[in-house]
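What follows is a short report on a single structure.
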């Protein structure tokens, strides 16, 4: 493609709306343009990158034995009502009605659709296993779209669904997808790590995320310093800090006027945060529940929602609900005599001795409280693991880093096949529900994550495998007929050899062309200038400061060498 014919507009200034590097660079490099909050149009340059990523995904999915399929993005409500998710999914779902007042949604995910296909098309165990996938636009009405295409309301996703006759078959399908995902992210030049994860709204028995470390990531990821353990903090099991045994002391009610926070209480009682157990009150889909954790800990709301059997909306209770549950203002809640449907007690609190809690009376706390003697509840792991805690697998210290999810694989089991009566006939002639798996990759989020890992002060540094163009041939002086001829000859030669190349034939200064090539992240640059009189051109890699002077006859072999080193065919 010749730059003079391309629709590409680079920007020198950083758009005010952009917060992170990938968002800034995609706008500056002319990869995309904003249409509305969380909604973007992909310009030709950006679309080429997306298609390159899609092709890598498609190649690995096909190699795994999966079959491509394309479902409608508009889904009738009846399917979601069958699975029980029409009401449970929440405000993120775009809902609409047709002219006959029938309910539909714009698909945020497609478990129901693929399950419906399976129950109608797959009748016998002889047809199993089957894995169907699609690459399609999804729609989620995010409360706060941000970071460009990292969290948008419209995004491209690869989602796949496997159907097996038993758990052993699901294990095989799951492991195939795990391997395919490793290959996909490696080929995209993306450093992604597989970590244990919570299944969330998708459901199922087991899941893992592929995370990329990122300072602007929206998830906290736990890594062991010694073993291979890694988990999203929502999933990571905490290790209780259990103190020495103490003799149980007598309860003592203490007046604590205007002392509500842990920090204020620590000063008032002249002790440490570890001596307190705080009671937080939540509204869980209309149910008022309480959660207890040690004073220096944070509640893990995902673990709480799972313990409650799956919750769509888990919010801190308002002051009226707190007053009704405790008889006190916010800041004085405690477990003794509390009026809630469920009291969840972190295991660490259950192992504490003679601790301090709110008295459920404004201006008072109680000392020397002990679980089992003074109150009871449902004991479990309801808090976030913290930096330096022991790894739940090997006992070594853990670290916590920010990360972004680019892929997620689930063992769904029979969650959807049971609710939607999706069955097949097994070897004994009996009807059995499909054992399902679900596997997603965010195509657009992968694109942004690649930029986050591959950029510098001058712009994007695309890996060769996903770059919109492999080579930029730059004419220094378009008024020099000899330079124009050599550049066009190189351009045509490389094109015929299968190289994706652009010819910068614009009437611009060479410096402007160099800056644009760097900003757009083109992996290789060939500069055609005065040295052609010596049968030479300049060759530069985007990820290097070095400029080599090479013979014109060696251009193709020099370019091909980069493909060979990257393990790519040309």
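Values computed for the structure shown
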{"item": "Stretch gain in nm, segment residue 39-residue 253, where the contour uses 0.36 nm per residue and the Cα spacing is subtracted", "result": "71.4 nm"}
{"item": "Residues of the stretch 131-175 with amide N under 14 Å of a point placed 7 Å along Cα→Cβ from residue 91", "result": "141-145"}
{"item": "Estimated [θ] at 222 nm from DSSP helical runs (n ≥ 4, -39500 (n - 2.57)) normalised by residues in the chain, nearest 500", "result": "-8000 deg cm²/dmol"}
{"item": "Linear extension gain, residue 215 paired with residue 81, 0.36 nm per residue minus alpha-carbon span", "result": "44.3 nm"}
{"item": "In nm, spacing of pseudo-spin labels at residue 126 and residue 11 (7 Å Cα→C-beta vector)", "result": "6.0 nm"}
{"item": "Semi-axis lengths (Å, descending) of the ellipsoid that matches the C-alpha gyration tensor of the stretch 1-154", "result": "34, 23, 13"}
{"item": "Cα principal axis extents for the stretch 292-446, largest first, Å", "result": "65, 37, 33"}
{"item": "Separation of the residue 506 and residue 59 label points, Cα + 7 Å toward Cβ, nm", "result": "3.0 nm"}
{"item": "Distance histogram for the stretch 34-80 (every C-alpha pair counted, 5 angstrom bins, percent rounded to whole numbers)", "result": "5, 15, 13, 15, 21, 17, 12, 2"}
{"item": "Net length gained if the chain between residue 414 and residue 246 were fully extended (0.36 nm per residue, minus Cα distance)", "result": "55.7 nm"}
{"item": "Modelled FRET efficiency - R0 35 Å, residue 394 with residue 168, Cβ distances, 0.05 increments", "result": "0.80"}
{"item": "Inverse mean reciprocal Cα-Cα distance (Kirkwood Rh) of the stretch 252-380, Å", "result": "14.5 Å"}
{"item": "Mean shadow area of the chain over all directions, Cα convex hull, nm²", "result": "33.1 nm²"}
{"item": "Radius of gyration, Dmax [the stretch 404-531; alpha carbons; angstrom]", "result": "25.3, 80"}
{"item": "FRET E, pair residue 554, residue 206, Förster distance 60 Å, beta-carbon r, rounded to 0.05", "result": "0.65"}
{"item": "Computed FRET value (nearest 0.05) for residue 566 with residue 485, which takes r as the C-beta separation and R₀ as 41 Å", "result": "0.85"}
{"item": "All Cα pairs of the stretch 469-565, percent lying beyond 18 Å", "result": "38 percent"}
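Readers should treat all values here as calculations from the given coordinates under stated rules, not as data from a laboratory. It should be emphasised that the depicted structure is a prediction, and the values quoted were computed from it without experimental measurement. Neighbour counts run over all protein chains shown; Cβ positions are idealised from the backbone, glycine included.
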